[in-house]
Every structure is written in structure tokens, then in C-alpha cells.
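Bear in mind these aren't lab numbers, they're just calculated from the coordinates by the rules spelled out. The model shown is predicted, which means the values in this text are computed figures rather than measured ones. Glycine also receives a Cβ, built like all others from the backbone with ideal geometry; neighbour counts cover every protein chain displayed.
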There are 2 protein chains.
Amino acid sequence: MTFKLLTVTLNPAIDINYPIKNFEVNTVQRASEDYKSAGGKGINVARVANELGLSVTCTGIIGGKFGEWLTNNLDETNIKHDFTVSPASTRLCIAINSEGSQTEILESGALQPEEIQTRFLDHFNTIVSNYDLITISGSLPKGFPENYYVKLLEIAHKQGIPVCLDTSGKVLNYTVTHSTHCPPLLIKPNDEEINEITSTDNLDLANQLLDERLAHIPYILLSLGKNGALLRYKDEVYNIDIPKIIAVNPVGSGDSSLAGFSYGLSQSNSFDKAAKFAMAAGISNALEARTGHVDLDNFKKFSNQIIIEKVAKTS
Amino acid sequence: MTFKLLTVTLNPAIDINYPIKNFEVNTVQRASEDYKSAGGKGINVARVANELGLSVTCTGIIGGKFGEWLTNNLDETNIKHDFTVSPASTRLCIAINSEGSQTEILESGALQPEEIQTRFLDHFNTIVSNYDLITISGSLPKGFPENYYVKLLEIAHKQGIPVCLDTSGKVLNYTVTHSTHCPPLLIKPNDEEINEITSTDNLDLANQLLDERLAHIPYILLSLGKNGALLRYKDEVYNIDIPKIIAVNPVGSGDSSLAGFSYGLSQSNSFDKAAKFAMAAGISNALEARTGHVDLDNFKKFSNQIIIEKVAKTS
């Protein structure tokens, strides 16, 4: 049976990149080139998972002609999709690259009508059992309540489908503390978010990860950037050492690591394989100019260079 | 009979405006607001002509989902359109407004397939006789030959429909010097372009306008910004004095003046009426934050405050 991955992006975007020489404020710039692609964290996950050979489908909410542009772009790259269509338009995210600087203008996205919240829940409920694993990535659209990801977790949990959740800030904190009855399989917090959830910062990070308020979540992957990561798996914490690289564009490495993790789970149930593939995909992406793209040779090479070492355990 | 105006925009755009506080290079900016509208010089003409009560239709070339977005936007503002649809996508033009600065990123637009050149000529040939006046505005799409506007002028001339041409640089120079057999009714050069066409800069502007190389064109409108304009009509040159205003956003004032001129022609064949309405529409637009928009009360008021005075005549 093929392993099937569903990536959820509730607030996707058209990513637009303009390479411009000597970009300055208060000038008129002619952009002779532009690169446009379907964007948003879960779509990056899907793109890399697709490259790694998983059968992947994107879902979430799109709207208007920009939404149609986005699904056309996914079609062109042979990525399956199954979005809920809203009357609210899909947003644009613009990046201007100039002599080493990157200037970004990120639209927040349109306010979603309340009815779309319910329509997407129904849609998710209908399709979730067709998949072996779900990833949920990014922020909630304007107008969506804080508990929306908990609702998605409840639906997936009821149907026995594991969910990797990659969100941040208040929504992550809320979802972690309100999901003991429907735990995500994995979260990807940063150190500040761990501090907020555990309300402690007097313990080292490894021991904070063992806090009981996080105990219902099997995998916690905490990136330390070029220093690798900490992984809490069940009641143990591991340090993950990665090979040194010179990053070209680290944007999307977190999304790529989620794709690598999904690939690992599709291959075996061994936690260290999932961790290794996660890290290998993250580093491979950082070596590419394109966001959400890995070179398969790099991915294979790095998979064998990841060192996992236990550093803490629940006492 | 209703007076019918056709505005031609071969290279239209979606205009996007982001108001952003403290916009700086190399930062990530969240755009909480954005304003998107159908754009391009001929579309500004159409918008203002529509506000002045003319029956107006936009034509030109659009493509892809962004092109569909553009025509949807025209539908929302009740502006008729009749575009040729190309496989090449419609472009975006982005303006970032921040504390008095305006940073613009203008996509050049996709390369148009050669077949689209012919398709638009055929389309123009089919529809042109349905209109009383044509305006052609802006630059040629990538891949179009320098003589393309001459071809449009030939088609319109053969069917007896007058054309106002608002383009610039080399294409203007080429079109003016190659259209003695199919002259435009009006051009809107700047002083440098006049210099180039007449190959003189030792005469004052008024006398340059009387150069025989421009003699086939009945109306030449040369904007002097806040100092009004010079108008050459047939063998006489007029100075046009305008009331003093404090401009809010002068972008689109040239397009608005073309709409005003068209409105003038629709009302009477008197050249000074057309000139007055042209100037009144231009100033009214400069008082608005929105590009390609006039307040009708301002327009009426200013129409009575324009002073036209003869300054030169062919000897």
C-alpha cells in the first residue's frame, strides 16, 4: 500500500520573488524577471515530500483568481490538491532580493467568512481517513478562532490518523495545552514557545522538553539551526548533530524537515530514522536557492551523517 | 446616438498598493491592507471616461488567471471590456507607500507569442468601427515590433475612426514619423520627445510644436505640470493656464486628461472645449489619492477656470 500524506495549509499564498539590482526605497524599479509559485508552509512540505517520492495531496483554503492560479501551479508541478474554495481571495507574499538583502511584504490574507470554517471542517472530516499521515502548517486565516487546530486534531484522532503540527506563538500554545484528548504526533516549537508552554525558563531546554505539559505529544522537534536539533521522543531527549554546511537559503528548511520526517515514518516506525530523514531534508533544502526543494543525492548523503545521542530522560 | 470610446492597453497590469509604515530594505513587513485594481494607462483613461459619463470599452491583451482577475475587477466597476486573451500572463505593478515615499516594482510583462500580434490586429480591425474615438496608451508588450501602433493607426484610419495616441520614447518617435498616411488625432509628448522628433532644441517649445514633421497631427498636448500645458491645434499654438492646486497624487493625471479630452470631443467639435475638459480632468485627478479617478464637482469647477491663449502660429 502506498503511504499517503495530506498537508494542510489554511492560509496559503502566491509566493513572488523579484531579483532587483540596487533595490532602494522611493525609487521606480523595473522587474525584468519574476518567479511565482504556490506558497505557504504546508505547500513547501508537499513539494519536498513529492520530491522524496511520497504520494502527497495539499488541502486548505483558497479563493478567487489567485487561488485558481495557485492550484494551476500545483498542477504544473504534478502535486495533487483538494482545497476548499472560499469567496475570500488567496494572498500574495512578495520577496525582493537585491545584493544579499531580502525585503519581504507578506499580505495577511483576507478575512474568511465564518461559513468557510465549518465547510473546511466538514471537508477535512470527509477526506482524512484516506491518508496515513497529516501535516498542519502555518498560521490560521483571519477570522478563525484560536481553537481551530484543536478541532482538526479531534477529527483526525477520532479516525486514528496521526497529525504533525507546525504552527507558532499563541495558537501553538493553545493547541498544545488543549489537545491532551487528541494529541498531535509531533510539534516543532522554538525555545521561546517551549518556555511559554512549560512556564519555566530555569531548566535547560532538554529538561524543559520533559515537562509533563508536553507529555501527551510523542515527538517534539526543536531546531537549533546550524547546531542541529533537540528531539524529545516519548520520555527521552536526544541531541541531533548535523554536518556543517554553508546555507544558501534556509527559508523552508523547517517545512522540508517535516517532509523528511513524514518520509521517515513512511519507511519504518523507527524514531531515529524519522529524525535522520527530517534533518537531512532540512539541510538539503538550505543548500538550494529555491524554497521547498531538495537535491536527492544530498538528502541521501546527509541521512548517513546525522548523529543522534540521548541527553536526558524522565526521572 | 451615444458617443462610444474604445481605450487600448496592450500591456495592462494588476496595480497593487501596500500602505506600510517605515518601509525599509532587508526587513519583513506584514501588509495588513492592500489595494488591488485593474491598471495600465488605457484602463485609467477608461475609468475616468466612465466617471465623466462616456460609454467606454477597454481592449488590449490579457492572459492567465491575473488577466481574468483584471476583467473581473472591470466588471465590478461596471467598465465594459473586450480583450484578446493570450497564453502569456498579465503582469503585476506594485507600489509601496510609506511616510511620503513611493517604491514601485513594475513587471515588464511576459513575452507575447507572435501569433497574438496578429490576433489583436484582427480583433481591432473587427471592432474599431463600433466606436467614435479610440485612445491608445502605454508601452508595447515584449516581443511586439516598433511599428505596431502604426498598424493600428492604419486600421483605424481606413475605417475613419480618430485615434489619440499616448505613448513615449522610441515608439512615439517611430509612430509619429511613420504615420503621415494615417495620422493620429492627438499625441501627448514631453519636451524631450518633441526635441527628438523635430531634431531641434534651439527653438522655443511653442515653435518646435509648429515643426513640419508634426504637421500631420491635429492636436499636440504638451504638459507643463503645475504650469499647465502647451497645445498645438492645427497651425496655432496655445498656452493653457490652470488654477493652482496642491497635488495629492499626480499619477494618472495624463490618462485623466485624455479622458477629459475624449469627453470634450463627445460634447462638441470645438478644440478649446476639448482642451479645457482635458486640463480639468487632469487637475481633478491630481487632487485624489486614487489613480484614475476624478471628483465631478471639481471637474466642473476647474473646467471654467482654464485660460487658453494663442502664443504662436505657423508663419
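State, to one decimal in nm and shortest first, how far the label point of residue B:226 sits from each corresponding label point in the other identical copies (label point: 7 angstrom along Cα-to-Cβ).
Counterpart label points of residue B:226 in the remaining copies fall at 5.3 nm.
Which percent of the Cα-Cα distances in chain A go past 29 Å?
35
Determine ³J(HN,Hα), in whole Hz, for all residues of region A:28-35 in sequence, where each value follows from phi through the Karplus function 6.51 cos²θ - 1.76 cosθ + 1.60 and θ = phi - 60°; x replaces Gly and Pro.
With coefficients 6.51, -1.76 and 1.60, one gets 9, 10, 8, 9, 7, 10, 8, 10 Hz.
Over the protein assembly as shown, what is the percentage of antiparallel beta bridges among all DSSP beta bridges, to the nearest 5?
45
Counting only C-alpha contacts under 8 Å and six or more residues apart, can you give the relative contact order of chain B as a whole percent?
Across chain B, relative contact order equals 16 percent.
Taking each residue in A:22-33, count the Cβ atoms of any other chain within 10 Å of its Cβ, then average. What number comes out?
Rounded to a whole number, the mean comes out at 5.
Taking the protein assembly as shown on its own, what percent of its Cα-Cα pair distances exceed 48 Å?
29
Given the rule -39500 (n - 2.57) for each run of at least 4 DSSP H residues, summed and divided by the residues of chain B, what is its mean residue ellipticity at 222 nm, to the nearest 500 deg cm²/dmol?
One gets -10500 deg cm²/dmol as the mean residue ellipticity at 222 nm.
Need one number: nm distance between label points at residue B:2 and residue B:26, each 7 Å from Cα along Cα→Cβ, rounded to one decimal.
Between residue B:2 and residue B:26, the simple spin-label model gives 5.6 nm.
Give the distance, in whole Å, between the Cα centre of region A:8-36 and the Cα centre of region B:96-128.
Going from one Cα centre to the other spans 18 Å.
Quick one: compute the contact order of region A:56-171, relative version, from alpha carbon pairs under 8 angstrom and 6+ residues apart, as a percent.
21
What nm distances, shortest first, do you get from the label point of residue A:268 to those in the other copies when the point sits 7 angstrom along Cα to Cβ?
Reported distances to equivalent positions: 9.1 nm.
Of all trypsin sites (Lys or Arg not before Pro) in region A:214-301, which ones are in loop regions per DSSP and have a Cβ with at most 13 other Cβ atoms within 10 Å?
A:234, A:244
Can you check what the Kirkwood hydrodynamic radius comes to for region A:1-160, Cα pairs only, in Å to one decimal?
16.7
What does the net charge come to around residue B:263 if you take all other residues with beta carbon closer than 10 Å to its beta carbon, with K and R at +1 and D and E at -1?
Net charge around residue B:263: 0.
Kirkwood Rh over Cα pairs of region A:94-171 into Stokes-Einstein at 37 °C, 0.692 mPa s: D in µm²/s?
The Stokes-Einstein estimate is 225 µm²/s.
Just to be sure I understand: if I project the alpha-carbon convex hull of region B:63-129 onto a plane and average over all orientations, what area do I get in nm²?
Over every viewing direction, the Cα hull of region B:63-129 projects on average to 6.3 nm².
With the label 7 angstrom out along Cα to Cβ, how close does residue A:246 come to the same site in each of the other copies, in nm, nearest first?
So the label point of residue A:246 gives 5.5 nm to the other copies.
Give a residue-ordered list of calculated ³J(HN,Hα) values for region A:77-90 (Karplus: 6.51 cos²θ - 1.76 cosθ + 1.60, θ = phi - 60°; whole Hz; x for Gly, Pro).
Using θ = phi - 60°, the values come out as 9, 6, 9, 5, 8, 7, 8, 8, 9, 10, x, 7, 5, 4 Hz.
Dividing the convex hull volume of the Cα atoms of region B:144-298 by its residue count, what figure in Å³ per residue is obtained?
Once divided by residue count, the hull of region B:144-298 is 118 Å³.
For residue A:67, what charge total do you get from the other residues with a beta carbon under 12 Å from its beta carbon, if Lys and Arg give +1 and Asp and Glu give -1?
+1
GNM, chain A, Cα, under 10 Å: largest mean-square fluctuation among A:304, A:26, A:130?
A:26
By Cβ position, which chain A residue lies least far from the axis that rotates chain A onto chain B, and what is the distance to the nearest whole angstrom?
A:65, 2
Please report the Cα spread of region B:68-227 along all three principal axes, rounded to whole Å, starting with the longest.
49, 48, 30
Starting at the first residue of region B:92-106, write each ³J(HN,Hα) from the Karplus equation 6.51 cos²θ - 1.76 cosθ + 1.60 with θ = phi - 60°, in whole Hz, x for Gly and Pro.
Each residue's phi maps through the Karplus curve to give 10, 10, 10, 10, 10, 9, 8, 6, x, 8, 10, 10, 10, 10, 10 Hz.
State the percent of C-alpha pairs, over all pairs in region A:140-181, separated by a distance greater than 13 angstrom.
Result for the distance tail: 52 percent.
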